[in-house]
1. With axes computed from alpha carbons, what is the tilt in degrees of helix 132-146 against the longest principal axis of the chain, rounded to the nearest 10 within 0 to 90?
2. Out of every Cα pair in the chain, what percent are spaced more than 26 Å from each other?
3. Taking the number of other C-beta atoms within 10 Å as the exposure measure, put 33, 150 in order starting with the fewest.
4. Can you work out the FRET efficiency for the pair residue 153 and residue 131, with r the C-beta to C-beta distance and R0 = 25 Å, to the nearest 0.05?
5. Any chance you could give the angle, 0 to 90 degrees and rounded to 10, that helix 285-297 forms with the longest Cα principal axis of the chain?
6. Can you tell me which of 218, 103, 209 moves the most in a GNM of the chain? Springs connect C-alpha atoms under 10 Å apart.
7. Could you list the residues of region 283-324 with an amide nitrogen less than 18 Å from a label point located 7 Å from the Cα of residue 73 in the Cα-to-C-beta direction?
8. Mind checking the log10 I(q)/I(0) for region 115-191 at q = 0.11, 0.12, 0.13, 0.15 Å⁻¹? Debye, one equal scatterer per Cα, no solvent, two decimals.
Amino acid sequence: MVSHGYVLPTRGIVLSADDGLEQAARADSEVVELAQRAEGLGLDAVWAGDSVLAKPRLEALSALSAIAGATDAVTLGTAVYLPQLRHPVHVAHQAATVDLLSGGRLALGIGVGVGSSVVEEHEQLDVPYGRRGALLDEGLEIVTGLWEDESVTVDGEFFDLEDADIGLRPCGSPPPLYIASATFDPRDGFPRPIRERIETHGGGWLPIGMTPEMYESGLERAREIVDDAGRNPALFDAAYYHDVVIAETEAAAIEEARDFLERYYPAKAPFSDDEIRARGAFGPPSVVAEHLERYADAGVESFVTRFTASDQREQLRRYADIVG
């Protein structure tokens, strides 16, 4: 059974609102209400992106905490969260709180981040960009340890803790950790850090920018890694992050996406048609439906869909019509 999730426009309110009062109004109408609308339309999950300085937006776990109280059943996910920008004790504490408030609905897509703006973000937060992968991995050991029943003692490269205990435990099972990836072809194998994260922590895989053939090969390899680690590969979720714009023509959809992406990623502008096409599905409903079918046939079980368009409500409605 394929599930469908919606990436909430938590950055959109920063791009379109000039002051705190307007941002507050938009946070309610364009984040919380859209999460409720997605649930009402039958979608299975809502997701929040993350950055602190590189692409300012609502803080992901705080936003999901508000949404937890406004929804009943949808999964609340991060796509993707950058834990290394925070102390792991705070990450474990915040995540456990959201999971408890939501009744066990939290899922964490995690990654290290790439790009010049992310380099600057790490530098300004005094986080060593070149060691961000090692920092993430050491932090994840602490986070998952704090979710267990015993206190945590660590004498690591980055952190020192003695008998640390946040006093909270996630509701039922710990939140699944989806290992995000990009910028490589999994048919050539996984880079060592991603392979080891899947082996140690992976509850799912959340790549972006892959052809169906690349995805199918990567998923097969990821599940082999999980199996070799002694865990059940059938419980390893196959997710995929993609962009979608539904319009009457491909040209109109691509132009809408270009306007969105060049405001969202000004340092990467301009975007060519082919660069936009590589990010997902753009065009009439039939084109989007065919795209979803191709990736589902390649093994995708959970779509994480971002609408790179200004009218989020209309896109959400039209997408729900396609997958409903």
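We did not get these values from a lab; they are worked out from the coordinates using the rules stated. This one's a predicted model, so the numbers in the text were calculated from it and none came from an experiment. Glycine gets a Cβ as well: all are built from the backbone with ideal geometry, and neighbour counts include every protein chain shown.
1. 70
2. Details: 24283 of 52326 pairs.
Taking all Cα-Cα pairs of the chain, the fraction more than 26 Å apart is 46 percent.
3. On the way: 33 13, 150 9.
Ordered by Cβ neighbours within 10 Å, fewest first: 150, 33.
4. Efficiency computed from Cβ-Cβ geometry: 0.65.
5. The angle comes out at about 30 degrees.
6. Between 218, 103, 209, it is 103 that shows the largest mean-square fluctuation.
7. 302-303, 320-321, 323-324
8. -0.43, -0.51, -0.59, -0.75
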